[in-house]
Amino acid sequence: MKLLARLRREGDAMTFEHSMLRTATLCLIAFGAVMVYSASSGTSLLTQGGDSSLYLKRYLLSAGLGLVAMAYFSRNGVAAVRRLTPVFLAIAIGALVLVLMPGFGIEANGARRWIGAGPLQVQPSELAKLALVLYAAALIASKPSRTRSLEGVRPLILVAAVMSGLIMLEPDLGTTIVVCLTLGALLVVGGVPRRHLMTLAGILVFCVLVVAIVEPYRRARLTAFLHPWSDAQGGGFQSVQAMIAIGSGGPFGVGLGESVQKLFYLPEAHTDMILAVIGEELGFAGIAFVLFLYGMIAYAGLRAARTARDLYAKLLAAGITSVILIQATVNFFAVLGVLPLTGVPLPFISYGTSHLIVLLSGMGILINVAQSRGAKPKLRVVEGARTKARAKVRKANADDRDRSRRHRRARGAGAGGRRRATG
């Protein structure tokens, strides 16, 4: 009986946004498992000792850990993370420093972005994105008036600048852009004036251009983005192969598991370029399905932010939703050739241990905000001086009408008595 009562209370507490977020997340995880296996089975069979399901096993392990974290935070999210925000922030910045130290960071493809060994590798920049959202929500909610000027949000800007600088040293321009755009979204939700936002945006664009031009490989990537087919075997190789994959898919794709581009043509087909595999195997219909699921998260997440019970919960919901949508948008645009390739994974679908666990943890917090949104207050009339005066006038008029009706009845009764007497 107690279990049934508990389940009934949980069902009553579940909101529409809660259901949408949980459904979209589970669909993305299931779809991601299928596509990770499809994108990686061929190459891992030939390069990983004949184990075609190696990346699928790791993906499912990460997803399992992430779902446990999501379940925990969906029950205790806002209350738990508010107390632990300083700890999360210190761990994130400490890990970003540690990954750059010789002997700790793991280098791959010319970048030092991971800590750990074997399959148990952590990417500190993924943790930094969530830590920034938690810190920004706590800082702004503690004193909302601080967003009226740049001086008030200077601590937040400094923390974001330190994170961005450390991430750039790895180097990882894509994650740096995601961190900066997330900061911008939080400042917009926090109520920073438009002129200050434009100033920060101008500074950010200038810094990105300088960073892109200084490094030769970034200049080559920018040139390849503008003219990928002019260097199809060099800097434009990834972009060209992604275009071929998506173009080959057509409206409904060539069939699940039938991709040709994933076989040593698309670099990192199971991570950053998994959308191209989806486009080739499932066509425009598959890409539209992924967009629909992200649209569900966008609608439910922003609606949860609007109906949250306090400013802290609003900022948490808006920040976590922004992280997911910004990553998805950057990945979509990069694979489709609208933006330069930046190495940003597709949320919940791309293979990646730390990014999957962190995003599912953030989704748990978002679900908690949606589930425990503020109850609608009962409206009651508050009587002011003018309301009381009007009530007195209405009462006086009612009394006059009652006296008039009693007077008419009395007169009628008297006249009837006189008529009977004379008759």
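Just to confirm my numbers, what's the Cα centroid distance between the stretch 262-281 and the stretch 298-353 in Å?
21
Using the alpha-carbon centroid of each, what span in Å lies between the stretch 84-123 and the stretch 125-168?
20
No value in this document is a laboratory result; all are computed from the given coordinates. Computed from a prediction, not measured in an experiment: that's the story for all the values here.
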